[in-house]
1. Residue 63: net charge of surrounding residues, Cβ under 15 Å, Lys/Arg +1, Asp/Glu -1, itself excluded?
2. Tally Lys and Arg at +1 and Asp and Glu at -1 over the other residues with C-beta under 13 Å from the C-beta of residue 211: what net charge comes out?
3. So in the chain, what percent of DSSP beta bridges are antiparallel if you round to the nearest 5?
4. For Rg and Dmax of the Cα atoms in Å, the listed values are (i) 24.4, 80; (ii) 27.8, 88; (iii) 23.5, 72; which was obtained by calculation from the structure presented?
5. Sort the following peptides by mean Cβ neighbour count (other Cβ atoms within 10 Å, averaged over residues), highest first: 232-243, 285-296, 36-47.
6. I'd like the accessible area for residue 66, computed on protein heavy atoms only with a 1.4 Å probe and all protein chains in place. Round to 10 Å², please.
7. Given a Förster distance of 45 angstrom, what is the FRET efficiency for residue 103 paired with residue 272, based on the Cβ-Cβ distance and rounded to 0.05?
8. Accessible area per residue for the chain in Å², computed with a 1.4 Å probe and the full protein assembly in place, what is it?
Amino acid sequence: MTSNINTNTGIVLVVDDSPDTLGLLNEALEKEGFSVLVALEGKQALTIIDKITPDIILLDAIMPNMDGFETCQRIKQNPNLSNIPVIFMTGLSDTDSIVKGLEVGGVDYLTKPIKPTELIARMKVHLRNAHLSHSAQYALDTTGQQLLAVNPLGGIRWATPLTQELLDKYQLTQDWCQQKLAGQLQHWLSHKPPAGGHYELQETSAKLKVKLIDIKNDNEILLRLIDLNGPSGAEILRQALDITERESDVLFWIGQGKTNKEIGEILSMSPRTVNKHLEPIFKKLNVENRTAAAAIAIHTLAGI
């Protein structure tokens, strides 16, 4: 299967204090069809990124004022920039430097002198991966869910628009996420909670909790942010589907995969009474069975 992703276009930010390296890369990249932005050190790079978002960053590790490691760390702390691939370029080839570059968020590491052909080949791979990751994130965005991905230290790698809206609603700033949220999530995740596990956030006036959805790899953990002050799932179903309060309670738990017996225990009614509620639910939703009703409940709660 071929891809229609064009990895020969896009904006590349090259950050290096060596004029020779800048000249070499600028010429090679422009020949490949890339638009090239240039910065001589880390602070200048951050200023450029505030105005123009590049598709990929080539970053020298050793520079005056702010080195590449700190620059990359600053970039990755911003959820809106965390998916930009960063390739380190440096004369350092020791293991500690390579590990440090990867730990702060770099996706690759090339030692100088840079070979443009090898660099461009690696860039294409990382650009393709970034495009695929963006497509997957967009698919999650369209489900209307408040999802975010964090690293094992609790730092946010990316967040869907609805997650950002919820954080903004309660005035939970980027600084709060870096200083408070990250520490709490790191501590919780260090105890290896199971998939589906919950943690209620502390040190905030908002009542929020996170639910562990999946551990995708060692560096990306998928979470759902839940607003405990918002309407319950049953209330959302009642408002959206024009069903009674009791019917919405039953439908909510059907959507959670519960049996009539389990729903009866939760709602303090007999399984027979639960079953009696199913007929009007099916009729109002214009479905014929429990599976179809559950699908409508799941889609409604997900915002589809």
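The values are calculated or read from the model by the stated rules, or taken from the named source; none is laboratory data. For clarity, every value in this text was computed on a predicted model and none was experimentally measured. Virtual Cβ from ideal backbone geometry, glycine too; neighbours counted across all protein chains shown. All accessible areas refer to the heavy atoms of the entire protein, side chains included, with ligands and DNA or RNA removed. Shrake-Rupley method; radii C 1.70, N 1.55, O 1.52, S 1.80 Å.
1. Surrounding charge for residue 63 is -3.
2. Summing Lys/Arg as +1 and Asp/Glu as -1 gives -1.
3. The antiparallel fraction comes to roughly 50 percent.
4. Only one option fits the structure, namely (i).
5. Output ranking for 232-243, 285-296, 36-47: 36-47, 232-243, 285-296.
6. 10 Å²
7. So, using R0 = 45 Å, E works out to roughly 0.15.
8. 54 Å²
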